1. Just to check your reading of the model, which residue among Gly194, Gly221, Gly243 is in a strand (DSSP E or B), under 32 Å from the mean Cα position of the chain (by Cα) and buried (at least 21 other Cβ atoms within 10 Å of the Cβ)?
2. I want to confirm something. Restricting to segment 634-671 and keeping residues that are in a strand (DSSP E or B) and among the basic types (Lys, Arg), which single residue is surrounded by the fewest Cβ atoms within 10 Å (Cβ to Cβ)?
3. Working only within segment 65-82, note down all residues that are among the small types (Gly, Ala, Ser) and under 13 Å from the mean Cα position of the chain (by Cα).
4. Which numbered condition trips up Lys175, out of (1) under 24 Å from Ser72 (Cβ atoms); (2) among the basic types (Lys, Arg); (3) surrounded by fewer than 21 Cβ atoms within 10 Å (Cβ to Cβ)?
5. State all residues of segment 376-429 that are surrounded by 15 or more Cβ atoms within 10 Å (Cβ to Cβ) and either part of a loop (DSSP other than H, G, I, E, B) or touching a Cys at 6+ places or on another chain (Cβ under 6 Å) (or both); if no residue qualifies, say none.
6. Looking at (1) open to solvent by 60 Å² or more (accessible area, probe 1.4 Å); (2) hydrophobic (A, V, I, L, M, F, W, C); (3) in contact with a helix residue (DSSP H, G or I) (Cβ under 7 Å, 6 or more places away or on another chain), find the lone condition where Ile536 falls short.
7. Restrict the check to segment 58-73 and report whether at least one residue is surrounded by 24 or more Cβ atoms within 10 Å (Cβ to Cβ) and basic (Lys, Arg).
Amino acid sequence: MARTRASLIKSLTISTAVASFAGLPLVASAQQADQAVLLEIIVTAEKREANLQDVPFSVSATSQDQIRNSGSAGLVDLARNVAGFTVADLGPGQSQMAIRGISSGQVIRDQPGVKEQVGVYLDESPISVALFTPDLELFDLDRFEVLRGPQGTLFGSGSEAGTVRYITRQPQLGKLEVMTDASFENVSHGDEGGFARAALNLPFGDTVAARLVAYWHHLPGFIDAIQPGGGVKRAVNDGDRSGARLAFLIKPNDALSITPRIMFQKLETNGYPRVDLYNILGNPYTTTQPAVTIGSLQQFTQQHEGLTDDFTLGDLKVDYTLGPTTLTSITSFTHRNVLVLRDASQLTGSITFDIFGNVPQVRLSSPLYDRSHLNVLSQELRLASNGNDQLQWLVGGFYQHVGRRYGQSLPTPGYDALVGTPSSAFLAPPDTPFYSDLGYSLRQYAAFGEATWHFTDQWALTGGLRYYNFKEDKTLLFGGVFVGAPVPGFTEGVNQSTDSNGVSPRAIVTYKLSEDAQFNLQAARGFRLGGLNDPINRPLCSDPNDFATFGQNPKWKDEKNWNYEIGTKTRWMDRRVTLNVSAFYTDIKDLQANTTAGTCSSRVVFNVPTARSEGIEAELFARPTTNWDFGLSATWVDAKLTSSVISALGQVVGGLADGARLPTAPRFQGVASAGYTIPVTGGQDFFANFTIQYVGPSFSQFENEQPGWGQIGGSGDPNAARLIAYGGPLTVSQINFNPELPSYTLANFRFGLKTQRWQAAAYINNIADKNAQLALDYERGRSARVGYLTNQPRTIGVYGSYNF
């Protein structure tokens with residue numbers, strides 16, 4: 001079944017050559033210019049400034065103008081415009097990134113120990129979290145960089161699949177600038193939204209400047225929530241994102257630059273963009289309770305839901321030039337408080353019905369609070385050459401301490417009296433059937449270096465290495481009747497720990513055929529730190545085989561990969577056309593796969609021995625005349641497991657079977673754009689931009705791919721979920737749904753007038769009003785609830801900006 005690496009590299013080389021000579025119509029992110037020749041794009045993917053076309057691996061850099069013209073209101077929208085980059089979306093502030101199809105499955109809210117596979121940075125400060133990656137406002141950015149493939153040498157753990165960087169505009173000396181913009185929009189089937197934003201660059205003499213950014217963005221709601229009494233709450237998933245950023249540049253002389261910064265963002269939502277397919281508390285099949293039919297943009301709730309995310313970042317960057325070298329220090333501290341409130345009434349009701357039979361024939365009011373408190377201190381110190389000499393080099397060290405407190409609480413009024421047992425007997429607060437308090441302390445150290453030797457005018461060799469060492473300690477406290485009788489090591493505060501160390505190398509050979517054509521060959525290793533599983537909720541395992549399958553895996557190992565890549569970066573037609581193509585093959589070892597522990601209402605991570613991802617991505621940007629811009633980009637990825645995980649019972653665990661597709665990323669994704677600009681009277685330009693995006697089908701989790709997984713009830717299929725007859729006998733014995741997320745196509749259009757100082761525009765996003773299924777979301781193995789997250793419907797809006 002397996003092919004040799006040599007044959008794969010050969011086939012990928014041929015694929016790259018074919019794509020290049022065929023002029024594959026795919027896009028490079030490039031800044032738009034008024035003249036026909038494309039402007040050069042400067043990026044810092046190698047922690048030094050370089051032309052995008054000279055960076056010896058696959059990088060995308062999307063400008064602020066391109067973000068606005070594409071209709072991107074957030075990270076999920078933006079990802080559709082970047083080849084090889086996808087985001088699994090569980091709602092604002094709950095995103096999970098994947099690059100080149102490397103994904104372990106959707107990270108669920110109660111998996112705080114899972115590490116990220118894509119590193120995320122705000123400038124040079126790491127802000128990655130596996131699930132709660134900050135959903136930053138896309139404003140006052142210089143560019144948005146996506147570095148594809150392992151970046152373990154320079155960016156370390158969590159950059160196994162790649163690195164994403166928000167590059168903000170920096171304070172500028174001697175320049176007074178005020179920039180403002182605002183929008184107002186209306187959503188079909190929903191309510192209104194919009195934003196108001198401003199940026200101020202303020203000089204203080206010749207050596208100090210400040211940049212202040214402030215914004216408020218109202219996120220429109222478009223999901224209606226049916227209530228137990230039959231009423232409907234409209235647009236329950238609205239929210240607000242507001243924040244401010246203040247940065248200073250202190251430059252007393254040409255050699256020294258000091259840039260301190262502080263930023264704060266608050267994200268609040270009143271619900272989630274979830275559509276319920278089945279809910280035991282509200283469905284058309286009940287006989288002893290009122291039947292409920294849930295529509296296409298509806299859900300059933302009886303408790304308030306929402307998210308609050310307070311994100312604070314303080315960092316300090318110092319650059320000091322010492323002749324031919326530059327010493328750089330980056331110190332950053334992140335503080336976050338995240339509260340996720342979910343309506344768990346259907347979860348608590350289904351569990352209680354299973355445990356106590358016909359006792360709870362009343363609806364339980366049971367909100368679930370997920371609380372995360374995160375403090376991250378990072379320090380990087382590096383020394384690098386700063387010229388264009390034959391040898392360019394960089395060495396450095398990195399330290400990070402992550403302290404995280406995570407807990408869940410399920411307050412359910414009257415529960416102790418209902419079941420006849422006080423929650424205090426299970427180490428939980430009164431009327432709380434489940435309670436947890438977990439503490440994590442992670443420390444990691446690293447030393448790294450990378451050098452590029454230009455041994456001729458055409459040939460260059462890059463080599464890099466990173467050594468890392470990490471240790472994670474964890475304390476656990478679990479309580480409540482769902483946990484069961486106190487058991488040593490489970491319901492008491494007990495320490496667990498895991499640690500590892502290793503190296504991450506990279507080697508790149510670059511051949512520059514001409515100033516407009518470059519070829520790269522790369523081998524690089526990435527890594528993702530291991531972690532510790534939580535104990536299984538054994539009393540909730542109504543199927544005894546579930547505990548035997550999922551309850552014997554206390555920790556998981558580091559995940560590592562080797563990526564082999566060949567690419568070309570070319571410019572054509574007097575630099576009016578840019579074409580970049582890369583083909584890659586990635587061997588993955590000990591993939592950290594997320595699984596649902598059957599009926600136990602727990603989640604467990606398993607290491608899959610081997611997996612792989614291979615594919616091709618290409619980007620094209622063309623400006624044939626001063627009036628027209630064209631862009632196309634696409635990625636084809638084949639990512640799958642090449643081994644299985646077998647339980648002690650001899651069964652495949654959680655869909656982790658040889659040949660299963662890696663979840664959350666489609667095989668094919670593409671975007672096309674066209675822009676037209678023409679001068680009109682008074683120095684004004686009329687412009688129009690059209691973007692169409694295609695995302696192929698995918699799965700949210702490995703387990704979703706199992707035959708019969710889309711079945712609730714019935715008989716004869718071991719992967720079907722049990723249909724709980726909550727509220728009395730049901731009118732059906734089996735419910736079916738499609739667990740595969742279908743493909744979708746979205747189109748956006750924007751037009752207006754602009755000058756050097758102002759812009760006035762109108763736009764329509766999601767022209768066809770497509771209701772896309774972005775991710776599955778389910779409780780208790782589908783027995784309690786099944787739904788999916790969806791996108792914003794057709795949106796019509798107006799936009800204006802002015803620069804003083």
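The values are calculated or read from the model by the stated rules, or taken from the named source; none is laboratory data. These numbers were taken from a predicted model, which means no experiment stands behind them. Quick reminder, even Gly has a Cβ in these numbers, built from the backbone with ideal geometry, and neighbours come from all protein chains shown. Only protein heavy atoms, including side chains, enter the accessible area calculation; ligands, DNA and RNA are left aside. Shrake-Rupley method; radii C 1.70, N 1.55, O 1.52, S 1.80 Å.
1. Details: Gly194 fails: buried (at least 21 other Cβ atoms within 10 Å of the Cβ); Gly221 fails: in a strand (DSSP E or B).
Within the list Gly194, Gly221, Gly243, the selection yields Gly243.
2. Here is the first cut: in segment 634-671, the residues in a strand (DSSP E or B) are 634-641, 646, 652, 661, 668-671.
Add one more test, that the residue is among the basic types (Lys, Arg), and what stays is 640, 661.
Numbers: Lys640: 16, Arg661: 23.
My answer is Lys640.
3. Narrowing segment 65-82 to residues among the small types (Gly, Ala, Ser): 70-74, 79.
Those that are among the small types (Gly, Ala, Ser) and under 13 Å from the mean Cα position of the chain (by Cα): Gly74, Ala79.
4. Every condition holds for Lys175 apart from (1).
5. If the condition is that a residue be surrounded by 15 or more Cβ atoms within 10 Å (Cβ to Cβ) and either part of a loop (DSSP other than H, G, I, E, B) or touching a Cys at 6+ places or on another chain (Cβ under 6 Å) (or both), then Asn386, Leu410, Pro411, Thr412, Leu427, Ala428 are the ones that fit.
6. Unmet for Ile536, out of (1) open to solvent by 60 Å² or more (accessible area, probe 1.4 Å); (2) hydrophobic (A, V, I, L, M, F, W, C); (3) in contact with a helix residue (DSSP H, G or I) (Cβ under 7 Å, 6 or more places away or on another chain): (1).
7. no
Residue by residue, here is whether (1) at positive phi; (2) open to solvent by 10 Å² or more (accessible area, probe 1.4 Å); (3) out of contact with any Pro (no Cβ under 8 Å at 6 or more places or on another chain); (4) of a type in the set (Asp, Glu) holds:
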site	(1), (2), (3), (4)
Asp135	no, yes, no, yes
Thr153	no, no, no, no
Glu160	no, no, no, yes
Thr168	no, no, yes, no
